[in-house]
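*Asks:* Let me begin by handing over the structure; questions about it come next.
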Amino acid sequence: MGKWFGWLALALLFVMGVVCWMPAQATEAKPVAAQLIGALEDSGALGITIQVRARTALGQVHRPEEFKELAKKWAEQLEIPFSHTEFSRKNNILVYHTAYTQDGVHVRYEVTGVPKNGSFDTYLVLQMSGSRQSLLYIEQIQETFANALSKANFIPQISTCIRGMYNVKMGVDQQEGRILSIFQALQAKELERLQDETVVSISGYSRMWEPSLMLNGQKMNLQVATHRDSSDAGTWITVGTPIITAEY
């Protein structure tokens, strides 16, 4: 587990060092989860799980009281229940968050205030996770989130990760073959790859959806990674756009 998580950390550090975010236009709100799930299932993966993470900057506030009001205001606009909210302050960073489960989807809402020149830069993160059967509800929450932010002239950065498993312990060549079949299904071109004896990760670009990052001067919006399960149960596969933001 430590090994493949190390690959993730390496990949994310690499990406953060060489890319910049190119957000979708405000009118581009069609979720891509269904396309990723279709490609994953067609490749033979089972036990599909979904994670969608949306983030946006909300601007600056001057006092912790303003921060709390901002967090509550956006919770109301996004129809987030207030029953179990928590507020904390550590190393002068403000955090307001709540989590709940509805219709099989676990939702975490978090607003963070980072100190800067006597004020606080604020960021909103909404994370949703669930099974294949909860896709429609996740898409509904995502659409509500995107529409509310669009009305306030904010464009969220949205990342989607789909995970599944092949009930076979695959070698690197087999893992590569499954990843490339997904690239073909999603009409994607390979840009970068990392691999060792148990892990394969390939990044690329598909024209099937718009949001992307810039990787060495080229657009990137797809990452697919595989690794053999440590208990020999099979081989895990994770598909993410624009990159994988969950453990693989």
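The values are calculated or read from the model by the stated rules, or taken from the named source; none is laboratory data. Only a predicted model underlies this, so the values are computations on that prediction, with no experimental measurement involved. A quick note on method: Cβ atoms are made from the backbone with ideal geometry, for glycine too, and the neighbour counts reach across all protein chains shown. We work out accessible area using only protein heavy atoms, side chains counted, and drop any ligands, DNA or RNA first. Shrake-Rupley method; radii C 1.70, N 1.55, O 1.52, S 1.80 Å.
*Asks:* Just the residues that are open to solvent by 50 Å² or more (accessible area, probe 1.4 Å) and within 15 Å of VAL125 (Cβ to Cβ), please, taken from segment 91-112. Give the steps one after another, and end with the answer.
*Replies:* Quick first cut of segment 91-112, residues open to solvent by 50 Å² or more (accessible area, probe 1.4 Å) only: 91-93, 101-104, 106, 108.
Correct list: ILE93, HIS106, ARG108.
*Asks:* Examine segment 175-193 for a residue that is open to solvent by 50 Å² or more (accessible area, probe 1.4 Å), of a type in the set (Val, Ile, Thr) and touching a residue at least 12 places away in the same chain (Cβ under 8 Å), and state whether such a residue exists.
*Replies:* no
*Asks:* Further, regarding this structure: Checking the condition in contact with a helix residue (DSSP H, G or I) (Cβ under 8 Å, 6 or more places away or on another chain) and either surrounded by fewer than 16 Cβ atoms within 10 Å (Cβ to Cβ) or not β-branched (Val, Ile, Thr) (or both), which residue from PRO115, PRO156 passes?
*Replies:* PRO156
*Asks:* Can you spot a residue in segment 216-224 that is in contact with a Lys or Arg (Cβ under 8 Å, 6 or more places away or on another chain), open to solvent by 30 Å² or more (accessible area, probe 1.4 Å), modelled with pLDDT under 95 and in a strand (DSSP E or B)?
*Replies:* No, segment 216-224 contains no residue that is in contact with a Lys or Arg (Cβ under 8 Å, 6 or more places away or on another chain), open to solvent by 30 Å² or more (accessible area, probe 1.4 Å), modelled with pLDDT under 95 and in a strand (DSSP E or B).
*Asks:* Still on this structure, I have one more. I need every pair where a residue in segment 57-80 that is in contact (Cβ under 8 Å) with a residue 60 or more places away in the chain and within 14 Å of PHE145 (Cα to Cα) has its Cβ under 7 Å from the Cβ of a residue that is of a type in the set (Ser, Thr, Tyr) and assigned to a helix (DSSP H, G or I), sequence separation at least 6 or different chains.
*Replies:* From segment 57-80, the pairs are LEU78/THR144; GLU79/THR144.
*Asks:* Go through segment 228-246 and count every residue that is touching a strand residue (DSSP E or B) at 6+ places or on another chain (Cβ under 8 Å) and modelled with pLDDT under 80.
*Replies:* At the first step, the residues of segment 228-246 found to be touching a strand residue (DSSP E or B) at 6+ places or on another chain (Cβ under 8 Å) are 228-229, 233-246.
Keeping just the survivors that are modelled with pLDDT under 80 gives 233, 246.
Matching residues across segment 228-246 total 2.
*Asks:* Of all residues in segment 49-73, count the ones that are open to solvent by less than 50 Å² (accessible area, probe 1.4 Å) and within 28 Å of ARG132 (Cα to Cα).
*Replies:* Count: 5.
*Asks:* May I ask you to list pairs of residues, at least six apart or on different chains, whose Cβ atoms are under 6 Å apart, with the first in segment 122-151 being buried (at least 18 other Cβ atoms within 10 Å of the Cβ) and the second being charged (D, E, K, R)?
*Replies:* Close Cβ pairs (under 6 Å, with a partner that is charged (D, E, K, R)) amount to GLN127/ARG53; GLN127/ARG108.
*Asks:* Which of the residues belonging to segment 194-215 are part of a strand (DSSP E or B), touching a helix residue (DSSP H, G or I) at 6+ places or on another chain (Cβ under 7 Å) and open to solvent by 40 Å² or more (accessible area, probe 1.4 Å)?
*Replies:* LEU194, GLN195
*Asks:* For segment 159-173, what are the residues that are open to solvent by 10 Å² or more (accessible area, probe 1.4 Å) and in contact (Cβ under 8 Å) with a residue 40 or more places away in the chain?
*Replies:* First, pick out the residues of segment 159-173 that are open to solvent by 10 Å² or more (accessible area, probe 1.4 Å): 159, 163, 165, 167-169, 171-173.
Within segment 159-173, SER159, ARG163, MET165, ASN167, VAL168, LYS169 qualify.
*Asks:* Right, next: For SER88, work out the one condition from (1) without any contact (Cβ under 8 Å) to a residue 40 or more places away in the chain; (2) open to solvent by less than 80 Å² (accessible area, probe 1.4 Å); (3) on the phi > 0 side of the Ramachandran plot it doesn't fulfil.
*Replies:* Against the list (1) without any contact (Cβ under 8 Å) to a residue 40 or more places away in the chain; (2) open to solvent by less than 80 Å² (accessible area, probe 1.4 Å); (3) on the phi > 0 side of the Ramachandran plot, SER88 comes up short only on (3).
*Asks:* Kindly evaluate ASP229 against the criterion of being open to solvent by 70 Å² or more (accessible area, probe 1.4 Å) and over 28 Å from ALA54 (Cβ atoms).
*Replies:* Values: open to solvent by 70 Å² or more (accessible area, probe 1.4 Å): no; over 28 Å from ALA54 (Cβ atoms): yes.
No.
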